[in-house]
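The values are calculated or read from the model by the stated rules, or taken from the named source; none is laboratory data. None of the values given here were measured: they were computed from a predicted structure. Here Cβ is always computed from backbone atoms with ideal geometry, including for glycine, and neighbour counts include all displayed protein chains. Keep in mind that these areas ignore ligands, DNA and RNA; they rest on the heavy atoms of the full protein, side chains included. Shrake-Rupley method; radii C 1.70, N 1.55, O 1.52, S 1.80 Å.
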Amino acid sequence: MYLFIHDGTAEIRDARHLQGKGTFETEEILRKELNLGFRGSVYGIGPAGENLVRFAMISGDGGHVVAHNGMGAVMGSKKLKAIVVARGKAGFAVKDKAAVERLTRELHEDAKTKGSKRIYEWGTGGGFSAAALGGWLPIKNYTTGIFPEHEKLDGQYIRTHFKMKDNPCWACQLRHCKLCEVTEGPYKGFKGEEPEYEGLAAWGSVIGNADPGATVMLNWFNDQVGMDLNEAGWTVGWAMECYEKGVFTQKDLGGLDLKWGNVGAAKELLKQIAHRQGIGSLLAEGVKRASEKTGGEAAKWAIYTHTGAAPRGHDHRGRWCEMLDTCTSGNSTIEATRGGVFPERSGYPPVFDKFSPWEVAAINAKENGWLPFVDCLGICAFTCPNRELTVQCVNAVTGWDLDLKGATHIGRRVVNLLRVFNLRHGLDPKNERPSFRYSETPKDGPVKGRAIQPHFDFMVRIYRELMGWDPETGRPLPQTLKSLGLEELIEKF
Ligand code: SF4
């Protein structure tokens, strides 16, 4: 079935003709059938969601995705192929329209020229080489920290070599999302979305591929079958390491020669995962479960948190704030900071030593609140790096009288509410830690020898203390909930 929402009406409609279709095809068919044009959105699942791949995603508006935490599998389990929302005729109230127009112009100018300048010019892929040089680019399933070909996968290379076309989220002037046509190499002529940084990591360095055109093809294919590319990338990278070390044979893989950088084999494996065919059925369980079921040494090579999620496409052994955040957050990805890189935007001093356990724990605890506030507004964090202006915009829309502190307080309420919810639904705080490989000391590259494992438990304790949570159990303390106006939750988890 699919859900069609239009002008206050919600209808469940037959979607049998869409069964097995990819996300892009589903969108195209429904747009035509409903005569939507661009006046609405179609978000749907591909075969991966239908087959309950645990990391299936939802995609719409030409490749914009809801990827993390397996939301596509949730839709699949409800036999819901897509949600279509037609743009309605009703407007919505804005308190001070003139102020909103002025402030959004200022906010955009600030984002374009300062806070999101690199994203505006080169996309998120514009940070690929910086990641390689800084020691947070994930390479061959974390088996090395060296990737000499990084410049060819940087957004700057792609945007100066491939043919580009804007494909922004609706009405976004920052328009960092693009479509591209590959102009060189074996995939010359292929048209797809420009991969984001995480797509370049997953389909480039994680699997040992240095051809940018191939990343465009794999990125498109993975979106079409409908899977979170981060977890899909870790899963393929882990399977490649298993193949290299003889844990999986060509026979186990249905004849695939899954050596590092074999793009054709990676594509075929993605197809098997999406359809749960052959070894794809094991891998569709996600990298944590697949590695645990495989057992032996291979269980140590998978990259995940013990709560069950796979991280974003970084090597967090070079970005400790983000590893701590990924393991302790309520959403199983970044919650407190974007890698601890912008504390000055909240008026804190910049990070002095990003490998100091004290400082890492403290910056995450101090910063947590802003990003959840932005997320619950339903806007994109790239578009509003200037926090003061963002709060002024919210006030102009709503007529509220918020300041930055008040906005962060709202975000802290979200963080604590989510934590209580997760504890009530079975979160075991002992699992808020990285897998062995995720936190193994790098053997080479820019952060060679930086060992996070000996410090991790200490960082978690300090972080919890600073958040007003019990350092052992991770439970928010009664006084913390009271101070956030959430006292009604004290007895409820
Ligand atoms: S809304 Fe955000 S993600 Fe979408 S195009 Fe604009 S900057 Fe990019």
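Observations on the structure shown:
- Test: residue in region 436-447 that is of a type in the set (Phe, Trp, Tyr) and either part of a helix (DSSP H, G or I) or closer than 23 Å to PRO138 by Cα (or both): yes
- Any hit, region 405-413, residues being within 23 Å of ALA99 (Cβ to Cβ), assigned to a helix (DSSP H, G or I), of a type in the set (D, E, K, R) and in contact (Cβ under 8 Å) with a residue 24 or more places away in the chain: no
- Hits in region 153-178 (condition: more than 12 Å from the ligand (Cβ to nearest atom) and open to solvent by 60 Å² or more (accessible area, probe 1.4 Å)): GLN156, THR160, HIS161, LYS163, MET164, LYS165
- Summed over region 139-155, residues that are outside any strand (DSSP E or B) and of a type in the set (Ser, Thr, Tyr) total 2.
- Taken over region 118-135, the criterion of being within 13 Å of the ligand (Cβ to nearest atom) and assigned to a helix (DSSP H, G or I) is satisfied by ARG118, ILE119, TYR120, GLU121, TRP122, THR124, GLY125, GLY126.
- Meets criteria (buried (at least 20 other Cβ atoms within 10 Å of the Cβ), under 18 Å from CYS177 (Cβ atoms) and in contact (Cβ under 8 Å) with a residue 24 or more places away in the chain) for VAL42: yes
- For region 354-364, the criterion of being more than 16 Å from the ligand (Cβ to nearest atom), within 29 Å of CYS172 (Cβ to Cβ), among the basic types (Lys, Arg) and open to solvent by 20 Å² or more (accessible area, probe 1.4 Å) is satisfied by no residue at all.
- Checked against the criterion of being modelled with pLDDT of 95 or more, more than 30 Å from ILE146 (Cα to Cα), assigned to a helix (DSSP H, G or I) and open to solvent by 30 Å² or more (accessible area, probe 1.4 Å), the candidates ARG461, ARG419 yield just one match: ARG461.
- Scanning region 317-326 turns up one or more residues that are buried (at least 23 other Cβ atoms within 10 Å of the Cβ), under 30 Å from ASN386 (Cα atoms) and in contact with a strand residue (DSSP E or B) (Cβ under 8 Å, 6 or more places away or on another chain).
- Selection status of GLY46, closer than 23 Å to GLY199 by Cα, of a type outside the set (A, V, I, L, M, F, W, C) and not assigned by TED's automatic domain parsing to the domain that holds THR390: yes
- Filtering THR383, THR398 for residues that are open to solvent by 50 Å² or more (accessible area, probe 1.4 Å) and within 30 Å of TYR120 (Cβ to Cβ) leaves a single hit, THR398.
- Qualifying positions in region 473-492 - exposed (fewer than 15 other Cβ atoms within 10 Å of the Cβ), in contact with a Pro (Cβ under 8 Å, 6 or more places away or on another chain) and charged (D, E, K, R): GLU487
- Qualifying position, being within 13 Å of GLN224 (Cα to Cα), in contact (Cβ under 8 Å) with a residue 24 or more places away in the chain and within 21 Å of the chain's Cα centre (by Cα), among GLY76, GLY49, GLY20, GLY70: GLY49
- For HIS314, the conditions (1) buried (at least 20 other Cβ atoms within 10 Å of the Cβ); (2) farther than 30 Å from HIS425 by Cα; (3) at pLDDT 95 or above all hold with the exception of (2).
- Selected residue (criterion: least open to solvent (accessible area, probe 1.4 Å)) from residues of region 124-152 that are more than 13 Å from GLU198 (Cα to Cα) and β-branched (Val, Ile, Thr): THR144
- One residue alone among GLY208, GLY199, GLY115 is farther than 30 Å from LYS21 by Cβ, touching a residue at least 24 places away in the same chain (Cβ under 8 Å) and more than 12 Å from the ligand (Cβ to nearest atom), and that residue is GLY208.
- All conditions but one from (1) of a type outside the set (Ser, Thr, Tyr); (2) open to solvent by 50 Å² or more (accessible area, probe 1.4 Å); (3) not in a loop (DSSP other than H, G, I, E, B) apply to PRO186; the one that does not is (3).
- Any hit, region 189-208, residues being among the aliphatic types (A, V, I, L, M), outside the structural domain of GLU50 (by TED's automatic domain parsing) and open to solvent by 10 Å² or more (accessible area, probe 1.4 Å): no
- Breaking point among (1) more than 16 Å from the ligand (Cβ to nearest atom); (2) touching a helix residue (DSSP H, G or I) at 6+ places or on another chain (Cβ under 8 Å), for SER77: (2)
- All positions within region 57-67 that are hydrophobic (A, V, I, L, M, F, W, C) and touching a residue at least 60 places away in the same chain (Cβ under 8 Å): MET57, ILE58, VAL65, ALA67
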